[in-house]
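Colleague: Sharing a structure with you now.
What follows is calculated from the coordinates using simple rules that are stated; it is not laboratory data. Only a predicted model underlies this, so the values are computations on that prediction, with no experimental measurement involved. Cβ atoms come from the backbone with ideal geometry, glycine included; neighbour counts cover every protein chain shown.
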Amino acid sequence: MSRIGKRPIPVPAGVTVEVKDRLVTAKSGKGELHFVVNDEILVALEDNAVTVSPRNQTKDARSKWGMARTMISNIIAGVKDGCEKKLEISGVGYRAAMQGKNLQLSLGFSHEVLYQVPEGINVTVPKPTEIIVSGINLQRVGQVAAEIREYRGPEPYKGKGIRYAGEHIVRKEGKKK
């Protein structure tokens, strides 16, 4: 039994949730998100809370139960508060700047890296060594942050590169003479 799937998802004030067949829609002042639930999962809106349950007790239905609940919870939290990921840049000469709608990164390559920010995602650079990725879709925010981090991930010897805020990099010892 899914411990996550058993819990109902409360609908906060200011957010409207609609359930039609398999489509779950969450709306607020920040925006609107949709999620299509698998055929093997039942979704119901009752007493200002969304409940998720498997149609039958097959292994496949039970394995998708908790994931469906988490996805619905994420879209409700996204339209209510939004979400953000912070990235830190460390290294001599490493910096970031916004150039129109594109993110310009100087990461020690022979060229500047230009990253086109997708629609629905906001990227801000309050300091040259800090990037904030925000939006209402948690999955897309995380994907954009991962793509930016992928250009120059943190290396284990000096810790240079792009890392998530608060991420701990396990450092290695260098060569000994």
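Colleague: Among the residues in the range 86-106, are any within 13 Å of the chain's Cα centre (by Cα), surrounded by 13 or more Cβ atoms within 10 Å (Cβ to Cβ) and within 30 Å of ALA13 (Cα to Cα)?
Modeller: Yes, that holds for at least one residue.
Colleague: Right, here's the next one. From the residues in the range 138-177 that are of a type in the set (A, V, I, L, M, F, W, C) and without any contact (Cβ under 8 Å) to a residue 60 or more places away in the chain, which one is surrounded by the fewest Cβ atoms within 10 Å (Cβ to Cβ)?
Modeller: Looking at the filtered set, the residue picked out is VAL170.
Colleague: Given LYS64, LYS85, LYS80, which one is under 30 Å from GLY5 (Cβ atoms) and part of a strand (DSSP E or B)?
Modeller: Answer to the selection: LYS85.
Colleague: Sticking with this structure for a sec: Of all residues in the range 1-44 being of a type in the set (Lys, Arg) and over 19 Å from the mean Cα position of the chain (by Cα), which is nearest to ASN74 (Cα to Cα)?
Modeller: Only one residue tops the list, namely ARG7.
Colleague: A follow-up question, please. Hey, can you tell me all the residues within the range 111-131 that are within 15 Å of the chain's Cα centre (by Cα), farther than 14 Å from ILE162 by Cβ and surrounded by 12 or more Cβ atoms within 10 Å (Cβ to Cβ)?
Modeller: VAL117, PRO118, GLY120, ILE121, ASN122, listed by residue number.
Colleague: Within the range 130-143, can you find the residues that are over 17 Å from TYR94 (Cα atoms) and out of contact with any Gly (no Cβ under 8 Å at 6 or more places or on another chain)?
Modeller: Selection gives VAL133, GLN139, GLY142, GLN143.
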